[in-house]
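**Q** One structure, as structure tokens, below. Some questions next.
Just so you know, all these numbers are worked out from the coordinates, no wet-lab data involved. What you are looking at is a predicted structure, and each value in this text was computed from that prediction instead of being measured. With ideal geometry, Cβ positions are generated from the backbone for all residues, glycine too; neighbour counts draw on all protein chains shown.
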Amino acid sequence: MNISVISHKISDPHETIAVPYIDTLLHERRSVRAFTNTDVSISQVRAILGAASRAPSGGNMQPWHVWIADRPAIARIEHAILSTGVSPHRAKWDDYRYYPKRFFGAYDVRRKALGRALYGHLGIERHDVPAMRAQFEQNFRFFGAPVGLLVTIDRRLEKGSWLDMGMFLQNICLAAQGRGLATCVQAAFAPYHKVIRPIANLPDDQVLVCGISLGCEDRAHATNALRTERADMREWVSMIRSDRTHVSPPQKETQINPSRTSDR
Ligand SMILES: Cc1cc2nc3c(=O)[nH]c(=O)nc-3n(C[C@H](O)[C@H](O)[C@H](O)COP(=O)(O)O)c2cc1C
């Protein structure tokens, strides 16, 4: 797809926004876990972050802070994390918890499916724990990306601001995608915040939410052949009926609000 042809003005609120283009970005974005050596310029990073900052946020509080790591900083972060000797499955989520203490139900099924698919693409057998760990450790070098972003939030803020943060993170991914760049959002850094803090000089009042790898996808790498699936919409969309029972939205084209004579 030639992105430059599709670029469109959005300053005029009446101008139609090219919905298929944003859908294309949404469908094409995926987590990339191997990058080429190609550099990303600081102006590209600024442009991505500037676009991402158009994310909505409650009260327009814009509760995000981004810390940019270049290759030397990435190397220092990787070295510090690996030097702890604390393997990821033992690392303590002592600043915030990303996952529940126990996985359950459909969430557990989907998480395991991802693990199988990811390691399957890499030819790593189910019980080959050292190989799985080695792959997981790629997180800490930002999967070879030239730029690593550390994203933090003021610890005094509430869940609402974390929602805003999610919107901002997705915007970063899409703004990068629209420029032909790839990303991987990584919570893997969070349990190592104590060793990252002094390297990045992160203030104590900031919680390290995640890292983001940013760069050019290494299309030849097996890990990047992974395409994750999504649950069928029937699993997570329900229409509320007047008797308060739920049904899946009908697949055939019907009016969501069929016109009623009493409305007229
Ligand atoms: C907040 C957040 C944290 C994530 N942390 C990691 C991570 O630490 N390492 C990793 O390889 N992928 C991480 N991912 C990527 C997810 O595994 C990925 O989004 C999911 O499997 C869906 O695949 P897709 O992004 O390719 O569509 C994270 C994603 C999100 C949104």
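**Q** With angles folded into 0 to 90 degrees, how steeply does helix 19-28 sit against the dominant principal axis of the chain? Use alpha carbons for both and round to 10.
**A** Helix 19-28 sits at roughly 40 degrees to that axis.
**Q** Compute the signed sum of charges (Lys and Arg +1, Asp and Glu -1) over the other residues within less than 11 Å, Cβ to Cβ, of His65.
**A** Residues close to His65 contribute a combined charge of -2.
**Q** Hey, what did the chain get for relative contact order, percent, Cα under 8 Å, at least 6 apart?
**A** Details: 316 pairs, mean separation 81.8, N = 264.
This gives 31 percent for the chain.
**Q** Let me ask something else about it. Taking the Cβ of Val32 as the center, what net charge do the other residues with Cβ under 15 Å away carry, scoring Lys and Arg +1 and Asp and Glu -1?
**A** Its environment carries a net charge of +4.
**Q** Under the classification rounded if a/c is under 1.5, otherwise prolate if a/b is larger than b/c and oblate if not, where does the stretch 183-245 fall, given a ≥ b ≥ c as square roots of the Cα gyration tensor eigenvalues?
**A** oblate
**Q** For Lys194, list the lysines whose Cα falls under 20 Å from its own Cα; do not include residues on the same chain fewer than 8 positions away.
**A** Candidates past the 8-residue exclusion: Lys92.
**Q** Against the empirical 2.2 N^0.38 Å scaling, what ratio does the C-alpha Rg of the stretch 25-142 come to?
**A** 1.31
**Q** Still on this structure, I have one more. How high is the relative contact order of the stretch 88-188, in percent, counting Cα pairs under 8 Å that sit 6 or more residues apart?
**A** About 23 percent, as a whole number.
**Q** Between the stretch 114-152 and the stretch 21-95, what is the separation of their alpha carbon centroids in Å?
**A** Taking the Cα centre of each part, the stretch 114-152 and the stretch 21-95 sit 15 Å apart.
**Q** With n ≥ 4 as the cut-off for DSSP H runs, can you work out [θ] at 222 nm for the chain, using -39500 (n - 2.57) per run divided by the number of residues, rounded to the nearest 500?
**A** Theoretical 222 nm ellipticity from helices: -10500 deg cm²/dmol.
**Q** How large is Rg over Rh for the chain, taking Rg from the Cα atoms and Rh as the Kirkwood inverse mean of 1/r across Cα pairs?
**A** 1.00
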